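Nothing in this text is a laboratory measurement; each read-out follows from the coordinates by a stated rule. Keep in mind that what you see is a predicted model, and the values were worked out from it rather than measured. Here the Cβ positions follow ideal geometry from the backbone for every residue, glycine too, while neighbour counts run over all protein chains shown.
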């Protein structure tokens, strides 16, 4: 147990400088943009006085490190500044959109695991046979397909066709309902976007699981188990599978970033009012505090989820506690 | 094999459209298919036919011609971004590995920071600040791939560094830069080449995604992402408009992925050794 | 009465480069309570012989010919389920490297528990096993007893330890505990001490000796180390390139080897009592297992090879109290008959 604690502390110590760096990048981004941030924020038509006023308000006249310290101090307290356009606190804007993005990301993860686990396992157990070849080709296509295009196709092929040919309108062409508001509608409305976003991840995880199972099947301990009469089912589903799936947990954790990033695009395709759409709208509105807040929040969430996954892996896989760096 | 053929084909199409556009004033493509820029208000959103194999868009432009021309942007952005990223990544990776702490620690933490942003989000945020344009797209995508190449180079150099020939070169008093560039890097190239190929695949998707979101190159150019973005509005009425540019992306990306797979299988000495060991 | 009787066993591997004749006509008999040493260099086919007995040869390997009789039953005619019931309970196996032979993500105790449970109450659904519903206090106690019997200190605590938390020697003890858990009548030990250092090796050997004396188990002890055979075994079988070269009681084979290969093997072992003796180095190397020549497998390296040896591989000829696959043995046999 002490090992786990040490391991967690080690990972935490790694996360702190990374988070500091990430916050600095989010902070400096606005300053690196060509031109005066205040001018950028107010637009070309603002008067010099307005710009000077905003510079004062934002503290842009102070030295950079003082500004950063202030930004960081506020961010830690949950204050990410105010939107230039709506004047609402950035934190409130983000929190209002967050449930949609979370619903999409979680559903995508579920979809991708639901596809990847059975196909990956089956592919490995039937290596070289038809099931294996088909699932590998499909996986390759899945990795090669841009998710937003898949989203468009799903809208055309599933939503439009079902609606126009059979009068089934369960999949909305646009928008998403939260499961907390209406569970049934919520699930149906998230299915197509989740499939669009989850397919590439599914393909990736499937490949990993297939490779992992193939690796494990050839380990000596499998022969030992066989030599001691342990049933093939127990060998496959208890011994091999556990060991094969554990390392993929880390990969899935790393791909949470893909899910968050990908949701920006998928939200645009399906018109989902999540963080991604907020980000895109803010970009076109040149609403930099909002963009800054989203970038910082997403980086923090990403680092935190990686940390969580690492710790989870460390607890589940006894080998890691001794391994150290290869985690 | 298939991957190589697709990639060569993609490069050929890109080269063709570049030459045709800049030197021949689009004569060739107009003769073969149609002028990708020519609008025709009597031929809006036509379904695929012999005259327009991929149909036409909302301005009556030929989608096949535009899809062919779109290859250029994807290839240029992919090559330039991944080329830039690999160059910077190789330098960072070799320097950090060769000199060790504290340079190593600082460099790798910096890479961790870059990796703490979901890649497409980082590119989007950079585009938000830099504004649209070819160089900006290349730069935004390149930044995302630097850590990958830095990490691969670092681990390769670290393992090569302990090899005897490096010690010998050092003992003979070669300067560090020579040892790294002449001795270590050539031996570490394989995984970098493989990663380059896979990164081309994802960079092409990233470029298309940025264009799709309206954050890519200037909208006057035909690119696959911009075409798909335009197709969204007509998704229920003109399926061909969203299908063909997407297919072009998929085939191209598939080509790079396949090539990457076969390069890895062919070049990876570890796997080769395993194959030997199996008898 | 013999526990195991293997006759004319051929196990071949079909590879891209051709057919590898890993085991090429091996006879092997193990009596009740007997410890038989199977000696040979690596690649001589001794491990594959043991794996063939349990039906554990992985593709592309296959038993192509021969009979394997255990306790009067033909093992090759058994169904997978019948063979599974036999494995670990009637015949068990101890592997060379305990660190890889155990599953790294299961506790050692749990893995022994699985073996005991499988053979006492049968296999369970994977989900039952995953949630640990099959775990029983009674089995746990018996596993702990077994761990104690092989000399693992504080076995209750070690029951919940993972393989990497054990030392190599302790883990091999645990493996031996697993092998005798169901009181088998035959243990196949595949170089169980090769991965351990010499002092631990001696401990394991005496542990084995005691277990055999207590339980009356027969043992096939596979090794490349002839000194281990001298310390432990009743009878020895010498293998070379997939063939049995010589067999007989340990004392007579070691003191008066009949086959030139056995002689070479013995002379290449350093001895304390003759420190000045020059170590013998056998010329040449093991023949390519693909395209096996029809001549005597050892002929190319044999200092006593003559014309006949290059014509065909000799069958096993009886010697004083054993057998040897050598024309010299046939000739001395013929001589004796004349006298």
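Here residue C:71 and residue C:281 are evaluated by their C-beta separation; at R0 = 41 Å the FRET efficiency comes out at 0.45.
If you restrict to DSSP beta bridges whose two residues both lie in the protein assembly as shown, what percentage is antiparallel, to the nearest 5? Intermediate values should be presented prior to the final figure.
Details: 33 of 52 bridges.
Antiparallel: roughly 65 percent of the beta bridges in the protein assembly as shown.
If you take the beta carbon distance between residue A:232 and residue C:315 as r and set R0 to 41 Å, what does 1/(1 + (r/R0)^6) give as a FRET efficiency, to the nearest 0.05? Can you show the working numbers first?
Values: r = 40 Å, r/R0 = 0.97.
Rounded to the nearest 0.05, the efficiency is 0.55.
When the helices in chain C are scored as -39500 (n - 2.57) per DSSP H run of 4 or longer and the sum is shared across all residues, what 222 nm value do you end up with, to the nearest 500 deg cm²/dmol? Provide the component values of the computation, followed by the final result.
Values: 13 runs with 118 residues, N = 339.
Estimated from H runs of four or more residues: -10000 deg cm²/dmol.
The stretch B:200-262 and the stretch C:1-64 have their alpha-carbon centroids 59 Å apart. The ranking of C:113, C:306, C:10 from fewest to most other beta carbons within 10 Å of each one's beta carbon is C:306, C:10, C:113. Residue order for C:326, C:182, C:233, fewest other beta carbons within 10 angstrom first, comes to C:182, C:233, C:326.
Just want to confirm a number: the relative contact order over chain C, from Cα pairs under 8 angstrom separated by 6+ residues, in percent.
21
Axis of helix C:198-215 versus longest Cα principal axis of chain C: the two differ by about 80°, to the nearest ten degrees.
What is the helix-to-structure angle for B:63-99, meaning the angle in degrees between its Cα long axis and the longest Cα principal axis of chain B, kept from 0 to 90 and rounded to the nearest 10? In chain B, helix B:63-99 runs at an angle near 10 degrees to the longest axis.
Decide, for chain A, between rounded, prolate and oblate: order the square roots of the alpha carbon gyration tensor eigenvalues as a ≥ b ≥ c, take rounded if a/c falls under 1.5, and otherwise choose prolate if a/b is larger than b/c, else oblate. Oblate is the answer for chain A, as a/c is 1.5 or above yet b/c matches or exceeds a/b. The value of relative contact order for chain A, using C-alpha pairs under 8 Å at least six residues apart, is 27 percent.
Decide, for the stretch A:231-327, between rounded, prolate and oblate: order the square roots of the alpha carbon gyration tensor eigenvalues as a ≥ b ≥ c, take rounded if a/c falls under 1.5, and otherwise choose prolate if a/b is larger than b/c, else oblate. It is oblate, given that a/c is not under 1.5 and a/b is not larger than b/c. The long axis of helix A:130-144 is offset from the longest Cα principal axis of chain A by roughly 10 degrees.
In nanometres, what is the gap between the two model label sites at residue B:218 and residue A:220, each 7 Å from Cα along Cα-to-Cβ? It works out to 6.6 nm between the two label points. Among the residues of B:106-117, the average count of other protein chain beta-carbon atoms within 10 Å of the residue beta-carbon is 6. Could you compute the FRET efficiency for residue A:137 and residue C:8, with r as their C-beta to C-beta distance and R0 at 56 Å, rounded to 0.05? The value I calculate is 0.75.
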